[in-house]
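Below you'll find the structure, written out as structure tokens, and then a few comments.
The values are calculated or read from the model by the stated rules, or taken from the named source; none is laboratory data. The shown structure was predicted, so the numbers you read here are calculated from the model rather than taken from an experiment. No Cβ is skipped: glycine too gets one built from the backbone with ideal geometry, and neighbour counts run over all protein chains shown.
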Amino acid sequence: MSRLYEAVLFDRDGTLIVDVPYNGDPALVEPMPGAREALDRLRAAGLRLGVVTNQSGLARGYFTAEQLAAVNARVEELLGPFDTWQMCPHDDAAGCRCRKPAPGMIEDAAAALGTSPQRCVVVGDIGRDIVAAGAAGATGIIVPTAVTLAPEVAAAPASAADLAGAVDLILGRQALVAPVGTRERAGTVLVVRSDSAGDMLITGPGIRAVAAGAERVVLLCGPRGRAAAELLPGVDEIIEARLPWIDPQPSPVDAAFVAELTAKLAATGAGEAVIFTSFHQSALPLALLLRAAGVGRITAISDDYPGSLLDVRHRVPVGVPEPERARSVAAAAGFALPATDDGGLRVEVGPVRAGDDYVVVHPGASVEARSCPPQTMRAIVAALAADGQEVLVTGGPDERELAAYVAGEAGRDAGLMSLRDLAGLLAGAAAVVVANTGPAHLAAAVGTPVVSLYAPTVPFGQWGPYRVPYVRLGDAAAPCRDTRATRCPAPGHPCLSTIAPADVLAALRLLGVRAQHPRTEEVAA
Ligand SMILES: [Zn+2]
């Protein structure tokens, strides 16, 4: 069985021990409250532990390497052993790959532990720790102290009041994707996700879990998710239907509709169904039709009382990343990902454009409140071009004018393409600059780093780029936060319009995208 996480990496000062600036004295080491107990719970759960710590005091001459080693030895004496120690001895001027917010130490720690950053959690007390976690593709949890800034907490994908809370969160998420009971291999299972492309992609890990334990998987999707459904591994057959209790432009429901859909469900020959929904969607109307179609065992999330409509009624706490939420539904039905599956988003794409020498900018978004103003996107493209990047601008059928405008003279409109071709284009890119919309998840599914221009209307920890290196931009504390607004409620769209082209360039640097032009410094100045 695939475990959600394999290692937890901790910042040292202000996270594991009380921060004593540039401390070279072991006698001054004092653990944060509950640190030993929290770490021992992770050790008991079989997780490897590491430390990732900026120690620029070495470069600045505030303490010697021997003093640093003595302090670290005292930390282990008080808190128990760590499986890897990663330290950056440089200061900001060095421009090294290890000093947080750069992701180098997290990558090195994962390598030292024989895992990937995607299967690591990083726990830290300031924004730098969390940015480094994201840029490595790891899960970040901020545990604030008195010195942590409010915007740093707002921008973090997850937060906990103390180390015990962080451990509760980590172990709770692991438990959520662990299969309930042991079961026989299933025959044909109908899996359901009726939504857009992005929703389909983030359901992928849940569908793969079902596929790992079933002879055959039939996927019921809506028209808006069809193209994405066709890219998902583990799906043997796709059937399509608009579900009027989920579709944003619902068609009327009548007896003929009910009869037709019931017949379609019965024709799949499924003995079992697993219904995936996001939290404002109800699985119960479909469960009723599945009962009428004779499907034997039905699993779904339902906060509403399901009576006899569900065999497995599942519930999930808020804030869980959507791909893990999907896995948890599969787990409730007894399905788990195999050990060889790392739990990330996946698509099957054809030939990939060779490169890594271009950046994709996708200016559109399926929801207006989540899209960046076109003039901001156009300025970003111009700045990227001035940085020497080849910039390809993508957009859907409704976004042709937008793509042309945003590309301007500096970039190139990549033209209209299928989702499969877009996946291929993204797979060859060095990075993609995109809002919270389908192509962000597509990039994650092909492993391409994301500069996420994220409107905080829905929680980042739930909907942000999953298990892929990313940098989050935009004001995480803007007035639209957690409103679920589809149109921006704040004048001037402050969450995204405040993003400067220089922020995007800095984000690309953290993601390892280098300037392609010798005159970059002049241009930037
Ligand atoms: Zn360094």
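Data table
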{"item": "Tally of residues being among the β-branched types (Val, Ile, Thr) and within 21 Å of the chain's Cα centre (by Cα) across the stretch 1-27", "result": "1"}
{"item": "Residues satisfying the stated conditions in the stretch 98-125, i.e. closer than 23 Å to Phe63 by Cβ and basic (Lys, Arg)", "result": "Arg99, Lys100"}
{"item": "Residues (modelled with pLDDT under 95 and of a type in the set (Val, Ile, Thr)) located in the stretch 304-319", "result": "Val316, Val318"}
{"item": "Filter result for Asn54 (closer than 23 Å to Ala138 by Cβ, within 16 Å of the ligand (Cβ to nearest atom), of a type in the set (S, T, N, Q) and modelled with pLDDT of 95 or more)", "result": "yes"}
{"item": "Unique match (being more than 22 Å from Gly204 (Cα to Cα) and of a type in the set (Gly, Ala, Ser)) among Gly438, Gly461, Gly512", "result": "Gly512"}
{"item": "Residues of the stretch 1-51 satisfying the condition of being more than 18 Å from Ile130 (Cα to Cα) and small (Gly, Ala, Ser)", "result": "Ser2, Gly24, Ala27, Gly34, Ala35, Ala38, Ala44, Ala45, Gly46"}
{"item": "Whichever residue in the stretch 71-104 is assigned to a helix (DSSP H, G or I), more than 8 Å from the ligand (Cβ to nearest atom) and not acidic (Asp, Glu) and, among such residues, is farthest from Gly34 (Cα to Cα)", "result": "Ala93"}
{"item": "Subset of the stretch 186-225 that is in contact (Cβ under 8 Å) with a residue 60 or more places away in the chain, β-branched (Val, Ile, Thr) and assigned to a strand (DSSP E or B) - its residue that is farthest from Val274 (Cα to Cα)", "result": "Thr188"}
{"item": "Any hit, the stretch 143-154, residues being in a helix (DSSP H, G or I), crowded, with 20+ Cβ neighbours inside 10 Å, among the small types (Gly, Ala, Ser) and more than 16 Å from the ligand (Cβ to nearest atom)", "result": "no"}
{"item": "The stretch 412-453, residues that are in a loop (DSSP other than H, G, I, E, B), within 12 Å of the chain's Cα centre (by Cα) and not polar (S, T, N, Q)", "result": "Gly447, Pro449"}
{"item": "Matching residues, the stretch 457-480, being out of contact with any helix residue (DSSP H, G or I) (no Cβ under 6 Å at 6 or more places or on another chain) and in a loop (DSSP other than H, G, I, E, B)", "result": "Val458, Pro459, Gly464, Pro479"}
{"item": "Among the candidates Thr182, Thr188, Thr139, Thr115, residue that is at pLDDT 95 or above, away from the ligand (no atom under 16 Å from the Cβ) and over 26 Å from Ala443 (Cα atoms)", "result": "Thr188"}
{"item": "Pairs, first among the hydroxyl-bearing types (Ser, Thr, Tyr) in the stretch 88-116, second more than 12 Å from the ligand (Cβ to nearest atom) and not in a loop (DSSP other than H, G, I, E, B), C-beta under 8 Å, six or more apart", "result": "Thr115/Ala7; Thr115/Arg48; Ser116/Ala110"}
{"item": "Test result for Asp236, over 30 Å from Arg48 (Cα atoms), surrounded by fewer than 24 Cβ atoms within 10 Å (Cβ to Cβ) and at pLDDT below 95", "result": "no"}
